[in-house]
Amino acid sequence: MKISLVKKLSISFFLAVIGSIILASFISNYTINKEFKRYLVDEHKSKINNVIKIAEELYSNQINISKSNEAELQRYAIMQELYIEIKGLNDNTIYSSGNSHLYHKAMMGNMMGHMMNNTSEKNTGEYIENKYPLVINNKNIGTIIIGYFGNSYLSTASVSFINTLNRSFIFSAFIALIFGLMISIIISREISNPLVKITETSNKMRAGNLEVRALVNSNTKEIDELSNSINYLAETLKNQEMLRKRLTSDMAHELRTPLTTLKTHVEAFIDGIWEPSSERFEAFYEEIERLTKLVDNLRNLAKLEQTNLILNKSKLNISMEIEKIIESFKPLYIKSNYELTSNIASEIKAMVDKDKFKQIMNNLLSNSYKYLKENGRVEVILKKEKQNILIKVIDNGIGIPEKDLPYIFERFYRTDLSRDKNTGGSGIGLTITKTFVEAHGGKIYVESGLSSGTTFTIEFPNMISS
Ligand code: ADP
């Protein structure tokens, strides 16, 4: 049987509260009772000593007890709930606070009364009589008998004290229970409410609504993280969905253009409008080439993503390699009246896969070239910074709209600007570049503004071997 989180948490918290209260009450009750009894027993001992002391003082001056002294002993006996008897050396009773058995009975009655009133069971114990020698000036002059109940130290006041204590224990346990119940309900709700919201959000996502977000305001770290993850997941799924749709329509577009050209040309042949000529067959060939390139690109990318990239690393003077690549691009730039400059730190060497490194640089430089406009300028920088190798390719071209920036490394993603420019790109150059850079343990970033142009930065970790 599944129970809701609120119920489960409430019940668990509540049980924990009850358990703690019972345990705490038991331990404190036990300790207090023990300590209190010890205190009473000590009190009782000092009471007896007091009786003996009073009796000794009374007899220190006179051998016969006077009426007033008797009254004092009597008062003490009643007050302290004791039976006191003083006997001479011949076992003759000199003083008695009353008939011990009657006293016993009377006290029993008294105690029973208390028991009934307080409805708590108190053991009055056996009636005990103890004899103590009455010694004055080192001379034994008689015996003093003190009688009390086994538990007589549980005097009326003590019994009522213990009862009050127990009542206050029960009362505070009751208050603690109510308090614990309230807190447990509040905490359970605080934990479960955001979880319920997150579940609702993910259910909506499952149903296909990727616009929903879990609006949870929790001060619990884990819940906050969970809600952020769900929102991030929704955002990622939404982007993936958008990319998937865009990819399908882009691919359809890429395939349709050559196919339409081929179809119209073939129709013109069939209808006899066009004579087959070698130029027209060449145009055919170009379109078929475009299609083949597209299919090859798709296949290469699939391979790239399937297998772990195997790098054939060797120590390469990347300063020299970049200079060479720049030189090879220069004629192209000059032809289009563009400027290609460089700022290359010399003798930077690294362990890299030469072919892949060349492809990275070629992709970036041909992109920059493709997306330049009038007065186009590109600068390539190579430097070492904090043990990292930094390569920057900075252009003042058409730039990348901010909304496209997060996606340009995605497969087949092209901005509308680049489509309009009709560069013939297929949107996988940057995907491959990124894969190669990351395979070397590096990172690639892009910064771009529509008016300022684009900067690609590659950061290779410390791979210097010399
Ligand atoms: P493509 O073959 O279309 O150039 P890429 O993967 O190399 O494919 O680039 C993806 C998209 O990123 C390009 O279509 C273009 O929209 C944008 N892009 C890449 N480099 C630049 C750049 N230097 N300036 C402006 N846009 C760029």
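The values are calculated or read from the model by the stated rules, or taken from the named source; none is laboratory data. What you see is a predicted model; the values in this text were computed from it and never measured. Cβ placement follows ideal geometry from the backbone for every residue including glycine, while neighbour counts extend to all protein chains displayed. The accessibility values were calculated without ligands, DNA or RNA, using every heavy atom of the protein model including side chains. Shrake-Rupley method; radii C 1.70, N 1.55, O 1.52, S 1.80 Å.
Worth pointing out:
- From phi via Karplus (6.51, -1.76, 1.60), per-residue ³J(HN,Hα) for the range 433-445 in Hz, x at Gly/Pro: 4, 4, 4, 5, 4, 5, 5, 8, x, x, 9, 10, 10
- Counting charges near A268 (Lys, Arg +1; Asp, Glu -1) among other residues having Cβ under 12 Å from its Cβ returns a value of -1.
- Efficiency of FRET from Cβ geometry, T220 and A283, R₀ 45 Å, rounded to 0.05: 0.10
- Solvent-accessible area, 1.4 Å probe, carbon plus sulfur percent, for the chain: 56
- Mean shadow area of the chain, taken as a quarter of the surface of its Cα convex hull (nm²): 48.4
- Residues with amide H under 5 Å from that of I86, placed H, sequence gap 5 or more: I94, Y95, S96, I145
- All lysines inside 22 Å of K139 as judged from Cα atoms, apart from same-chain residues fewer than 8 positions distant: K53, K87, K131
- Set of lysines near K34 by C-alpha distance (under 20 Å), chain-local residues within fewer than 8 positions excluded: K45, K47, K122
- Set K293/K386; K313/K335; K370/K443 screened for pairs whose C-alpha atoms are more than 31 Å apart: K293/K386; K313/K335
- Cross-link partners for K324 among the lysines, with Cα-Cα distance under 18 Å and sequence neighbours closer than 8 places in the same chain left out: K315, K349, K354, K356, K358, K383, K392.
- In order along the range 395-407, the Karplus-derived 3J(HN,Hα) couplings, from 6.51 cos²θ - 1.76 cosθ + 1.60 at θ = phi - 60°, round to 10, 10, x, 5, x, 10, x, 4, 5, 8, 3, x, 10 Hz, and Gly and Pro are given as x.
- Among the GluC sites (Glu not before Pro) in the range 207-309, those placed in a DSSP loop whose Cβ has at most 14 other Cβ atoms within 10 Å are E211.
- ³J(HN,Hα), Karplus 6.51/-1.76/1.60, whole Hz, each residue of the range 235-242, x for Gly, Pro: 5, 5, 4, 4, 5, 4, 4, 5
- One way to sum up the overall shape of the range 221-305 is the equivalent ellipsoid from its Cα gyration tensor, whose semi-axes run 47, 14, 6 Å, largest first.
- Placing unit charges on the Cβ atoms of the charged side chains and taking the dipole of the chain about its Cα centre, the candidate lying farthest along the positive direction among P258, F409, I22 is I22.
- At a probe radius of 1.4 angstrom, the accessible area of the range 309-460 per residue rounds to 49 square angstrom.
- Long-range amide H partners of L340 with built H, under 5 Å: V378
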